[in-house]
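Below is one structure, written out as structure tokens, with a few remarks after it.
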Amino acid sequence: MDKRWEVLEDASAFLSSWLDGRKPIAGIILGSGLGQLAEQIEDPIIVPYVRIPGFPAATAIGHKGNFICGSMGGKCVIAMQGRYHYYEGYPMDTVVLPVRVMIMLGIKYLLVSNAAGAMNKDFHIGDLMLIRDHINLLPNPLIGPNLDRLGPRFPDMTCAYDTELQERMLSIAKRLGIPLQRGIYVSCTGPSYETPAEYEFYRRMGADEVGMSVTPEVIVARHAGIKVLGMSVITDVAHEAEDGYVTDENEIVKQADLASRKMTRLFSSFVSSLKFI
Ligand code: HPA
């Protein structure tokens, strides 16, 4: 048997024994900007990644890595508090492992959040962007023998971000009076931020924002037929050397925290509207 399949079966059996019969309808990746959402999950069961067979030990001290399963707006959800990034040196199979475990548990929807830098000149720091589509510049997580039980060898990516879910999120945002930008996300490896020339290259390529995650997780979700919704916080904007501005991690974390309240409101309202399909 494919070793990856064994890891997935062991990890999902372990997690499901913890969940005690709970059946999450949606998986939520709490990237920068959605940290607060964890506090809205009622009756939470928290399972640290390090306890799960096949999951690597956390690299950084203080770095959160937990599954949180509980109820939100009357719906059972499972959230990833922390994700594995390619730039941390993990192989792609590890980067997508938590998402695949949630898929094995039976989620129907994946809600993804992240922080990103904007190339679109109409975007500002603190804006939220609904992801319409992506350009994946990270290694494709489906490279290697196909896991046929999860999905096809050559999965379609035409509607990577579900159109109906986007419409629903737009109407929720309108109702709550929270402005939403829409655009295209490009992923790159990081961990260095972009040079001005790279930001310009990505802009001309057709992308509105850039980040270091999201696309691998979305690709494996679509491979398995899961419907995806993605949203980013714009934490910084493309700039020239003369602007006297530098991309700074602390500033990015600060901006993501500032936007957290409105993103959390949007997501909790969205989750309550979900139905099993
Ligand atoms: N580039 C890449 N990743 C990011 C950025 C950025 O400007 N901002 C937040 N994540």
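Compared with the alpha-carbon gap, the fully stretched path from Asp156 to Lys174 is longer by 3.4 nm at 0.36 nm per residue. When you filter the trypsin sites (Lys or Arg not before Pro) in the stretch 122-190 for DSSP loop state and at most 14 other Cβ atoms inside 10 Å of their Cβ, you are left with Arg149, Arg153. With a Förster radius of 30 Å applied to the C-beta separation of Ile135 and Lys108, the computed FRET efficiency comes to 0.70. Placing +1 on the Cβ of every Lys and Arg and -1 on the Cβ of every Asp and Glu, with nothing else charged, gives the stretch 206-267 a dipole about its Cα centre of roughly 720 debye.
Report the charge-dipole magnitude of the chain in Debye, nearest 20, computed about the Cα centre from +1 at each Lys and Arg Cβ and -1 at each Asp and Glu Cβ. Can you show the working numbers first?
Values: 27 positive and 32 negative charges, 241 e Å.
So the dipole magnitude of the chain works out to roughly 1160 debye.
Extension gain for Ser272-Asp2 works out to 93.5 nm (0.36 nm per residue, less the C-alpha to C-alpha distance).
Across the chain, the longest run free of exposed loop sites, meaning chymotrypsin sites (Phe, Trp or Tyr not before Pro) lying outside DSSP classes H, G, I, E and B with no more than 14 other Cβ atoms within 10 Å, spans 1-244.
Computed from Cα atoms, the angle from the helix 249-272 axis to the main principal axis of the chain rounds to 50 degrees.
Accessible surface of the stretch 3-272, 1.4 Å probe: 52 percent of it comes from carbon and sulfur atoms. Dividing the convex hull volume of the alpha-carbon atoms in the stretch 54-210 by its residue count gives 161 Å³ per residue. Give the relative contact order (percent, whole number) for the stretch 166-277; include only Cα pairs under 8 Å separated by 6+ residues. About 29 percent, as a whole number. Mind checking the angle between helix 163-176 and the chain's longest principal axis? C-alpha axes, 0 to 90 degrees, to the nearest 10. The answer is roughly 70 degrees. Past 26 Å, Cα to Cα, is the threshold; run Lys64/Lys262; Lys75/Lys262; Lys23/Lys174; Lys64/Lys121; Lys64/Lys275; Lys75/Lys121 against it and keep the listed order. Too far apart for the 26 Å limit: Lys23/Lys174; Lys64/Lys121; Lys64/Lys275; Lys75/Lys121.
A 1.4 Å probe run over the stretch 94-138, with the rest of the protein chains in place, finds 28 Å² accessible per residue.
When the residues Thr215, Thr163 are ordered by accessible surface, computed with a 1.4 Å probe over the protein chains alone, the sequence from largest down reads Thr163, Thr215.
The values are calculated or read from the model by the stated rules, or taken from the named source; none is laboratory data. Model, not experiment: these values are computed from the prediction. Every residue, glycine among them, receives a Cβ derived from its backbone with ideal geometry; neighbour counts consider all protein chains shown. What goes into the accessible areas is simple: the full protein's heavy atoms, side chains included, and nothing from ligands, DNA or RNA. Shrake-Rupley method; radii C 1.70, N 1.55, O 1.52, S 1.80 Å.
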